[in-house]
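Values quoted throughout were computed directly from the atomic coordinates according to the rules given, and no laboratory measurement underlies them. Quick caveat, the model's predicted, so the values are computed rather than measured. Here the Cβ is made from the backbone with ideal geometry for all residues, glycine too, and neighbour counts use every protein chain on show.
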Amino acid sequence: MTMRTQKRSRPASVGLHAGLLIGTAVALFPPLWLLVTSFKPKSEAFSTALVKDFTFDNYDHVLADTYFLDWFGNSLLVVLGTTVVGVFIASTTGYALSRFRFPGMRPLMWVLLITQMFPMAVLIVPLYNTLATMGLLNQPVGLIITYLTVAVPFCAWMMKGFFDTVPVSIDESGRVDGLSPFGTFWRLIMPLAKPGLAVTGFYTFVTAWAEVAYATAFMTGEENLTLAGGLQTFVNRYGADWGSMTAAAVIIAVPAAVVFGFAQRYLVSGMTAGAVKS
């Protein structure tokens, strides 16, 4: 019986590892090919061969001859604003929904949930009109507010699920020591919420760093674009500069990889805690 089990498990093990290797290859091929193409001359962009004439011309062109540094600065400003404000609002909202009972609590939770059901294409026009009325078109603040409408509802729900897993006795001990509700939240609960905060911060970062539709609709003029919008300038009706686009994409991916590297140890535990049924 044992021998039969071993014989049957070996093909299954081989199939499992083969599937994992194939999945890994499929996942790694696009970014690796992007990296390889960024070091090719423009004449070899569509060549299936590896790099023959290694060159940094694409990177030199992107950094020296385009508004890439302006795009990077704009994106950095928008991302920092969205992440800091979004994490604070989502965490305080999630804590309030987890710990307090107040009139309108259920409708508020439903509003946070329903806002996630509208596709971006439907919201572009009303958001555009709202930002135009407020004079926030072509302004980083307007883009930050727009991204907060995307990130905060989802992150607030997730943070509520995370705070539900933190014992209420910690809040009670804080009140016994004379802390206010906000003091209890800031000094006792927040240090325990690192996994949830990491997931929330990473989600808001990705929302602001990689979003394209709002960035191109609400920001005009090459010097005002973010990185995601700037990439589109390398493609027009007459052709595409694939070398410059791949070089810019590689540079853009580096900060995202660094942020993921810092947050990844908290992501699994934070997402699991946030998925607890409320």
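Observations, loosely collected:
- Cα centroid separation - the stretch 127-149 against the stretch 57-98, whole Å: 15 Å
- Relative contact order (%) - criterion: Cα under 8 Å, at least six apart; region: the chain: 30 percent
- Rounded to whole Hz, the Karplus (6.51, -1.76, 1.60) HN-Hα couplings of the stretch 90-105, x for glycine and proline: 5, 6, 5, 5, x, 5, 5, 5, 7, 9, 10, 10, 9, x, x, 5
- Computed about its Cα centre, the charge dipole of the chain is approximately 1560 debye, with only Lys, Arg, Asp and Glu carrying charge at their Cβ.
- Which of F56, A90, W71, positive extreme of dipole for the stretch 1-93 (C-beta unit charges): A90
- Packing, taken as the mean count of other beta carbons within 10 Å per residue, orders the peptides 85-98, 29-42 from highest to lowest as 85-98, 29-42.
- Measuring spread by the Cα atoms of the stretch 126-278 yields a radius of gyration and Dmax of 20.0, 70 Å.
- Ranked by the mean number of other Cβ atoms within 10 Å of their residues, highest first, the peptides 110-117, 251-258, 184-191 come out as 184-191, 251-258, 110-117.
- Mean Cβ neighbour count within 10 Å, used as a protection proxy, ranking 146-156, 12-22 highest first: 146-156, 12-22
- For the chain, the spread of Cα coordinates along the three principal axes comes to 76, 70, 34 Å, biggest extent given first.
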